[in-house]
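Encoded as structure tokens, the structure appears first; notes follow it.
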Amino acid sequence: MTTDSSLLNSELELQQQEELYQQLLLQSVGKLQSESPSSKVIRPKPGICVKTVLEGNKEKVFVNICQSNSVPPPPDLSREELVELLQSEDPSGYRVPMSLGEPHSEVDNNSQCCSAYDVVINQEFFQSCQNDPLFQQFVILVSFEGLENKYNLELSRDWKVLKNRKFLGSISEQNIRTKSKPVIQELLSQPVGGATATKAKRPEFTLLVEPPDGDPEYLIAEIRLPGVPSSGSLLLDLGEDRLVLTARPSLFHLDIFHPLQVDQENSVAQFNKSTEILTVTMPIVST
């Protein structure tokens, strides 16, 4: 049986290109890691304390919604826009920046053990939401959803805002990032055909760990974005366990949580205009 040497050469070239690509990614990550840290420690102010329970075992849970101007505000939103957002099929397109603290054990007024979680949002946004019950309910809902996604919880929507308590436990410092997005680098420059869409779609994506065996060092997201003309159309935001991507105008929207904690400041994003794939390489902090 004869072998086509051109196929072997092509496979060898592809392998060499892939190895070079991985080396470039590792060099980029190493360069970013050598830069000054892009986070700071804040001590939030108390806001409101919300009492609820876990669905299932009915364990008591308190959510401390705190405030700090170190957390960026969300985009301006009128009451009419909020009503329209809540009635829409996909309200996840509007994001409220928040910092979610680790759970801590506390004792309630009945000397019973309970769990408490701290959520920090922008101070001015928090204050404005207290003037309207609808906005306050919205803030509580998005705080619950953030905690549920991060800690795999299911919180009851039958909650109560405590009148005489703004915080349960003691206020802890939180470490928040000061940089918001990794720079998206473009590969290749030839133009590709565009496409239009009237409603943002959820793109196809794949999550991989590298190396595949042993302790993982990187989490790699490959996101297919057909019709996206360039990286200038993309907005990418990374959290420790969350990836949010928007392709304008209203082409794609992706908002996912992953089970790994990553170093969002030292992550690298590259958009290949030929394959129309965005690759996000994220160093793993812990599994």
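The values are calculated or read from the model by the stated rules, or taken from the named source; none is laboratory data. Keep in mind that what you see is a predicted model, and the values were worked out from it rather than measured. Cβ placement follows ideal geometry from the backbone for every residue including glycine, while neighbour counts extend to all protein chains displayed. The area values use the complete protein model at the heavy-atom level, side chains included, leaving out ligands, DNA and RNA. Shrake-Rupley method; radii C 1.70, N 1.55, O 1.52, S 1.80 Å.
Numbers below:
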read-out: Contact order normalised by residue count of the range 231-287, Cα under 8 Å, 6+ apart, percent; value: 27
read-out: For L153, solvent-accessible area (1.4 Å; no DNA, RNA or ligand), Å²; value: 40
read-out: Filter on K40/K273; K58/K201; K51/K201; K150/K273; K40/K166 - keep pairs with C-alpha separation over 30 Å; value: K40/K273; K58/K201; K51/K201; K150/K273
read-out: Charge context of Q67, other residues only, Cβ under 14 angstrom, K/R +1, D/E -1; value: +1
read-out: Interchain or long-range residues, amide H under 5 Å from L260's placed H; value: none
read-out: Prolate/oblate/rounded call for the range 215-287, Cα gyration tensor, a/c under 1.5 rounded; value: prolate
read-out: Most to least packed among 63-73, 215-225, 105-115, 129-139 [average Cβ atoms within 10 Å]; value: 63-73, 215-225, 129-139, 105-115
read-out: Karplus 3J(HN,Hα) series, Hz, for the range 236-246 with 6.51 cos²θ - 1.76 cosθ + 1.60 (x for Gly, Pro); value: 10, 9, 10, x, 4, 9, 9, 10, 10, 10, 10
